[in-house]
Amino acid sequence: MAGIKVAKTGNEAMAEAMRQINPDVVAAYPITPATEIAQIFSQFVADGKVHTEFVAVESEHSAMSATMGASAAGARAMTATSSQGLALMNEMLHIASGLRLPIVMPEVNRALSAPINIHGDHSDTMASKDTGWLQINCENGQEAYDSIIQAIRICEHPDVMLPAIVSDDGFIISHCMEAIDILSDEEVKNFIGEYKPKRYLLDVAHPYTLGALDLQDYYFEHKRQEIEAMNNAGKVILEVAKEFGQKFGRHYGLFEEYKMDGAEVAILVMGSTAGTTKQIVNELRVKGIKAGLLRLRIFRPFPFSELAKALSNVKVLAVLDRSDAFNGFGGPLFEDVRAALYDLEKRPKMINYVFGLGGRDIGLEDIKGVYANLQNIAETGDIKQVVSYLGVRE
């Protein structure tokens, strides 16, 4: 069913999704470029457009702590953050996932200091990639809006019960306006349903202990359960996406394949850079060059087997990382993709580009240069440099 098209920035679209979800509790602390999400939502609270208890706290660490407390008590709870705010939450991120709290957190990708930088790269969410949170990375505001709504269903599924980060690129998406197809409030309400937790601390008729000391006797088993929940999440993500697509006509998967049929050279990337890459793929295809793009949407749980299948016939692959692993082998996305393809009998040659740190623009000519290098490798079999830094003044 078609919604209503309105002009909104990425931040406005995320806040609108939160309004329609109408969570019981939102605890938040402002940080650029995600400030507007909580700011706009707080206005919804003040205007009586939601029934949410809004808690203004003194830091992002406190924001996550309060959100966790509300979730543990049985509330549908949300927050929003970015960059250093996400880093300050890091201690609590592990606890939220370990306690199996289905918190959904809109997040705007921004560089981590130092030096101080307020613009978009993926260093913040990459620093949180192993905290036990699902990570959904969005190309545009429409996908951010849709993904937040879907994430509620995914996180609250009994086979998952884990928190999720839904992110988009700072300023590039968060502050830029686009046409967003907004669903009706009733459609969102019906899609997410009422939250009915199986266990919660305020259910005094069925008391239980949450957050107890857990030593050698059971800690390992509890973490294993958390890992299994993450394994379950991939299937649930696809189930929820399928239902969303059937009802509202917008379809999502673990990743997006763009002109990958018969592709011999391909780029794998996350976020808004995919839009720039698609234009170059179109130009190369007109010239008869078999170029393709794979945009990874779900970073956690990482779709190892699905990626291996999708990339098995590509000759040369470039993974573009908008963050660096600092003495890892390339960027963090490259490391995971390379591991996913390791067991293929016939796997593509792989190179890595770290790009766009601190929000530095990546243009059409940059992408053309990547594909030109891929074509050269496909023809000669010669990789001169596995890891390169695209657009930096060396």
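Things worth noting here:
- Selection of segment 30-56 for residues being within 20 Å of Gly120 (Cα to Cα) and surrounded by 24 or more Cβ atoms within 10 Å (Cβ to Cβ) yields Pro33, Ala34, Ile37, Ala38.
- Within segment 336-369, tally of residues that are of a type in the set (A, V, I, L, M, F, W, C) and either in contact with a His (Cβ under 6 Å, 6 or more places away or on another chain) or under 11 Å from Val316 (Cα atoms) (or both): 2
- The set of residues in segment 12-43 being in a helix (DSSP H, G or I) and aliphatic (A, V, I, L, M) consists of Ala13, Met14, Ala15, Ala17, Met18, Ile21, Ile37, Ala38, Ile40.
Residues checked against (1) farther than 27 Å from Ala179 by Cα; (2) among the polar types (S, T, N, Q):
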{"position": "Ile4", "(1), (2)": "no, no"}
{"position": "Glu16", "(1), (2)": "no, no"}
{"position": "Ser59", "(1), (2)": "yes, yes"}
{"position": "Ser62", "(1), (2)": "yes, yes"}
{"position": "Ala72", "(1), (2)": "yes, no"}
{"position": "Met78", "(1), (2)": "no, no"}
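- Among the residues making up segment 241-260, those that are of a type in the set (Lys, Arg) and within 16 Å of Glu187 (Cβ to Cβ) are Lys247, Arg250.
- Residue identified as over 17 Å from Ala291 (Cα atoms) and modelled with pLDDT of 95 or more among Ala340, Ala378, Ala372: Ala340
- Near pairs, Cβ below 8 angstrom, 6+ apart or cross-chain, from segment 79-90 (surrounded by fewer than 24 Cβ atoms within 10 Å (Cβ to Cβ)) to any residue that is hydroxyl-bearing (Ser, Thr, Tyr): Gln84/Ser113; Ala87/Ser128; Leu88/Ser59; Asn90/Ser128; Asn90/Thr131
- Residue in segment 225-240 that is loosely packed, with under 10 Cβ neighbours inside 10 Å and either closer than 14 Å to Arg153 by Cβ or in the same structural domain as Leu134 (by TED's automatic domain parsing) (or both) present: no
This table checks each residue for (1) within 21 Å of Gly249 (Cβ to Cβ); (2) among the β-branched types (Val, Ile, Thr).
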{"site": "Gly141", "(1), (2)": "yes, no"}
{"site": "Ala151", "(1), (2)": "yes, no"}
{"site": "Asp159", "(1), (2)": "no, no"}
{"site": "Val166", "(1), (2)": "yes, yes"}
{"site": "Phe171", "(1), (2)": "no, no"}
{"site": "Cys176", "(1), (2)": "no, no"}
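- Meets criteria (surrounded by fewer than 18 Cβ atoms within 10 Å (Cβ to Cβ), over 24 Å from Ser128 (Cα atoms), in the same structural domain as Ser113 (by TED's automatic domain parsing) and small (Gly, Ala, Ser)) for Gly74: yes
- Residue within segment 44-60 that is in contact with a Gly (Cβ under 9 Å, 6 or more places away or on another chain), part of a helix (DSSP H, G or I) and within 24 Å of Gly193 (Cα to Cα) present: no
- Considering only residues in segment 157-171 that are surrounded by fewer than 24 Cβ atoms within 10 Å (Cβ to Cβ) and in contact (Cβ under 8 Å) with a residue 60 or more places away in the chain, the one that is farthest from the chain's Cα centre (by Cα) turns out to be Asp159.
- Among the residues of segment 211-218, none qualifies, meaning not one is surrounded by 12 or more Cβ atoms within 10 Å (Cβ to Cβ) and touching a residue at least 40 places away in the same chain (Cβ under 8 Å).
- Evaluation of Ala179 against (1) more than 23 Å from Val50 (Cβ to Cβ); (2) touching a helix residue (DSSP H, G or I) at 6+ places or on another chain (Cβ under 7 Å); (3) not hydroxyl-bearing (Ser, Thr, Tyr) (one fails), failing number: (2)
- On inspection, Met270 qualifies as within 27 Å of Leu333 (Cβ to Cβ), surrounded by 17 or more Cβ atoms within 10 Å (Cβ to Cβ), under 17 Å from the mean Cα position of the chain (by Cα) and assigned by TED's automatic domain parsing to the domain that holds Leu307.
The values are calculated or read from the model by the stated rules, or taken from the named source; none is laboratory data. Just so it is clear, the structure is predicted and the values come from calculations on it, not from any experiment. Please note: Cβ atoms are built from the backbone with ideal geometry, for glycine as well, and neighbour counts cover all protein chains shown.
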